[in-house]
Ligand code: PMP
């Protein structure tokens with residue numbers, strides 16, 4: 001039972017699928033399996049839907065990579081891009097050069113920040129943003145005469161990107177294995193995954209307290225004077241959509257404050273409405289010193305990332321640039337005028353259409369419909385907040401175990417969902433759902449109905 005891509009390849013060696021296999025190496029793909037099965041080639045988009053090269057229509061329940069919040073056909077973003085292309089298609093921010101879109105966007109971001117922030121720094125991807133954050137934290141510690149303060153604490157199951165530093169911060173085995181990572185100065189503490197990691201009968205609050213105590217123990221064992229920062233996603237995305245247990249962020253932040261450790265909120269997925277507030281930090285009472293943004297900032301019509309930092313972070317760095325003469329860091333495409341213009345239009349649309357409130361309302365509907373599947377024999381846990389959720393599949397509900405091959409249930413569910421016209425993504429056996437903020441209630445119902453049918457079919461086939 002070859003997938004569409006594989007079928008087309010065997011019929012026609014010049015097919016678009018065969019050319020993909022011949023010339024294109026894919027991200028997050030088993031390269032050998034890809035040679036066998038071929039790609040799904042997506043050809044065009046319309047609202048919350050995309051169409052493949054055979055004309056098949058899919059509801060994009062992942063917004064691409066948790067990213068196209070406005071869907072795949074927002075004309076206003078196309079116009080914003082084309083107007084900016086015509087006026088000033090490129091400029092940079094090195095050597096005190098600047099341009100309107102970068103300035104307007106920085107001002108806008110500071111104005112909507114969940115806590116007082118001072119400056120915006122522009123990068124091109126979430127990974128680059130987190131790499132830059134790590135470098136600037138080291139730079140700041142040197143500037144402050146505390147060169148031993150260099151370690152960053154991240155979390156198991158956390159995802160912060162794939163470049164050398166950000167992949168090190170990522171706490172998932174596939175991002176380290178065979179890459180000789182993580183690098184020095186990165187530590188991983190336990191994840192806030194109550195369903196998987198809590199002890200028998202441990203309440204969310206007790207589990208959160210234990211995670212905070214473990215963090216404190218790690219800080220004391222390493223030496224508090226060596227720990228510069230803690231990084232976390234408000235809700236973990238790629239680690240399996242892990243919503244923190246009650247009181248988690250409050251307790252973690254109390255420990256960080258006690259030892260003068262900076263807090264970095266990686267809002268690459270959570271930012272701009274995803275959790276039902278503009279920022280995930282607002283949903284969970286997080287007060288970051290640095291807030292990292294990407295993906296929905298442009299609906300990913302253009303690669304753009306950025307982070308905001310408060311005065312406490314900016315001031316020592318500014319002093320150091322004055323001492324050295326220049327900040328020896330920056331990207332050619334950083335703050336790209338086309339990306340910044342698209343981001344400004346994206347934010348305008350989010351505000352005009354009140355998409356944050358809509359995410360709350362549609363999110364509540366999606367969450368309650370998904371929770372309706374909780375009693376299914378194959379469902380271990382349904383979790384989520386706002387417009388992001390996961391349904392974790394198991395074979396044994398009591399033991400919380402999946403099949404012999406971890407992730408096999410997820411792969412199967414994914415394939416069946418795709419056949420029904422829903423693009424989801426399995427993080428091992430957890431099916432993730434992160435639909436566009438513009439999704440209609442009927443779209444979400446179509447998605448949940450397809451999942452329910454999928455689970456029944458899998459159950460029947462066993
Ligand atoms: N941080 C988080 C929370 C992410 O989800 C991602 C991407 N999924 C990244 C960082 C890395 O972003 P990029 O793929 O743009 O490098």
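Bear in mind these aren't lab numbers, they're just calculated from the coordinates by the rules spelled out. Just so we're clear, the structure is a prediction, and the values are computed from it rather than from any experiment. We place every Cβ from the backbone using ideal geometry, glycine too, and count neighbours over all the protein chains shown.
Annotations
- Here the calculated FRET efficiency for residue 322 and residue 364, from their Cβ-Cβ distance with R0 = 60 Å, stands at 0.75, rounded to the nearest 0.05.
- By the count of neighbouring beta-carbon atoms within 10 Å, fewest first, 10, 96, 281 end up ordered 96, 10, 281.
- Centre-to-centre, using Cα atoms only, segment 228-293 and segment 16-94 are separated by 29 Å.
- Residues listed by number, segment 132-165, amide nitrogen under 11 Å from residue 181 label point at 7 Å toward C-beta: 159-165
- By other beta-carbon atoms within 10 Å, ranking 405, 189, 203, 170 with the fewest at the front produces 405, 203, 189, 170.
- Spherically averaged projected area in nm², based on the convex hull that wraps the Cα atoms of segment 314-394: 9.8 nm²
- Segment 77-352: relative contact order as a whole-number percent, Cα under 8 Å and 6+ apart: 28 percent
- Size-normalised alpha-carbon gyration radius of segment 212-291, reference 2.2 N^0.38 Å: 1.10
- Among 180-188, 118-126, sorting by the average number of other beta carbon atoms lying within 10 angstrom of each residue, highest first, gives 118-126, 180-188.
- Helix-only [θ]222 nm of the chain, DSSP H runs n ≥ 4, -39500 (n - 2.57) each, per residue, nearest 500: -13000 deg cm²/dmol
- Pairwise FRET efficiency - residue 24 versus residue 44, Cβ, R0 = 22 Å, nearest 0.05: 0.70
- Note on residue 397 and residue 12: with the Förster distance fixed at 45 Å, the Cβ-Cβ geometry gives a FRET efficiency of about 0.50.
- Computed over segment 63-215, Kirkwood Rh from alpha-carbon pairs, angstrom: 19.2 Å
- Cα shape, segment 120-174, gyration tensor, a/c 1.5 rule: oblate
- Using a cutoff of 8 angstrom between alpha carbon atoms and counting only pairs six or more residues apart, the relative contact order for the chain works out to 19 percent.
- Its Cα gyration tensor gives the chain an equivalent ellipsoid. The semi-axes, each the square root of 5 times an eigenvalue, are 35, 29, 21 Å from largest down.
- Counting other Cβ atoms within 10 Å as a rough exposure proxy, the listed residues 251, 397 run 397, 251 from fewest neighbours to most.
- If you wrap the Cα atoms of segment 77-352 in a convex hull and average its projected area over all directions, you get 14.7 nm².
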